[in-house]
Structures are given as structure tokens and as C-alpha cells.
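Comments concern the structure below.
The values are calculated or read from the model by the stated rules, or taken from the named source; none is laboratory data. Remember, predicted model here, so these are calculated numbers, not experimental data. Virtual Cβ from ideal backbone geometry, glycine too; neighbours counted across all protein chains shown. The area values use the complete protein model at the heavy-atom level, side chains included, leaving out ligands, DNA and RNA. Shrake-Rupley method; radii C 1.70, N 1.55, O 1.52, S 1.80 Å.
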Amino acid sequence: MHGLKKNRPLRRIVLASAATVSGMVLLLSLKPHTTPRAAVAAPSVGSSASAGSGGSSGSATGAKTVTGDSVQTRYGPVQVRVTVKNGKLTDVTAVTYPQENPRDQQINSYAIPQLTSEALAAQSADIDTVTGATYTSDGYRTSLQSALDQADG
């Protein structure tokens, strides 16, 4: 019998495995075609607390609102405003973040709500980086720490 006509089960197993792995890689690399709708609204601009970095205000309820430093990242500035009431972080708002192009808007519409949620849960700036939004996450964390430092002082 000729060498090319022999039944080769090992070759079939290797080819089937390679095809399966290739198919799985293609499936896992697909991106969703819709963007999350959690933070579609534009950041508030023109508020008295966002007039500059380090702004703060208090009220009769004991809540203190402080705007952190504006942190320049590779894709643009990031700045957050926090509200602290009775020593507890009650609100975090991203005042400024990169949104110059559709890609920035897509990334940050997902990243900003996630960062905000983590900050409120952690009650500190010790939060994880959002995958795909490393620069925004770093700027957010730095501005958040700045605001928390000002709120304590």
C-alpha cells in the first residue's frame, strides 16, 4: 500500500483540533454590536463646582461636594466630583473625560459607570482598572483621590 493512501487518524485529530481552536478564537474575538446605555448623557458643564479644579461646596445637611484635580491623560483630561456626607462617599460624578471621537465615547460610556460603581462600593480611590480604558481609569483614580483628600481636609 502506498504511504499517502494510509488511513491517518492522528492527522485528522490534529486538523479537527486546530479547526476547533480557530473557531473558538474567532467567536471570542467578536465584539457586541451595541454599546451599553448606562452613561449616554453628557457630563454636566457649567456647574459652579466644576468651574475649576479643587472647587468645593457644602450644605446644611452636612454633605460636602468637592471637585478633584483635572488629570491629563493620553486621550484627554479626566476630572471627578465627589459628595461626602457624614464621612461616607455618597456620589461620584465624572465632570470631564475623553469624548472627542466615537471610540472615546464608546469606551467611556462603559468605563465611567463601572468606575463610579466601584468607587462607591470601595468608599475610596482603591478601585480596579477597567479593561480597555486604562488611561481613563488611571486619571479617574487620581482625580478621585485628589477630591477625597480635599474632602477630608
Checklist entry - What residue, of ALA60, ALA42, ALA38, ALA19, is at pLDDT below 60, surrounded by 10 or more Cβ atoms within 10 Å (Cβ to Cβ) and aliphatic (A, V, I, L, M)? => result ALA38
Checklist outcome for this item: Within segment 133-153, residues over 29 Å from GLY62 (Cβ atoms), open to solvent by 60 Å² or more (accessible area, probe 1.4 Å) and in a loop (DSSP other than H, G, I, E, B) come out as none
Checklist outcome for this item: Sole miss for LYS31 among (1) modelled with pLDDT of 55 or more; (2) open to solvent by 100 Å² or more (accessible area, probe 1.4 Å); (3) not in a loop (DSSP other than H, G, I, E, B) is condition (3)
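Kindly provide the set of residues from segment 110-131 that are under 8 Å from the mean Cα position of the chain (by Cα) and either open to solvent by less than 70 Å² (accessible area, probe 1.4 Å) or without any contact (Cβ under 8 Å) to a residue 40 or more places away in the chain (or both), ordered by number. Give the steps one after another, and end with the answer.
If we filter segment 110-131 for residues that are under 8 Å from the mean Cα position of the chain (by Cα), which is where we start, we get 110-115, 129-131.
Result: ALA111, ILE112, PRO113, GLN114, LEU115, THR129, VAL130, THR131.
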Next on the checklist: Condition (residue is touching a residue at least 12 places away in the same chain (Cβ under 8 Å), aromatic (Phe, Trp, Tyr), open to solvent by 40 Å² or more (accessible area, probe 1.4 Å) and more than 15 Å from VAL66 (Cα to Cα)) applied to segment 90-106: is it met by at least one residue?
Outcome noted: no
Checklist outcome for this item: Of the candidates THR93, THR83, the one satisfying the condition of being in contact with a Leu (Cβ under 8 Å, 6 or more places away or on another chain), polar (S, T, N, Q), farther than 30 Å from SER29 by Cα and in a strand (DSSP E or B) is THR83
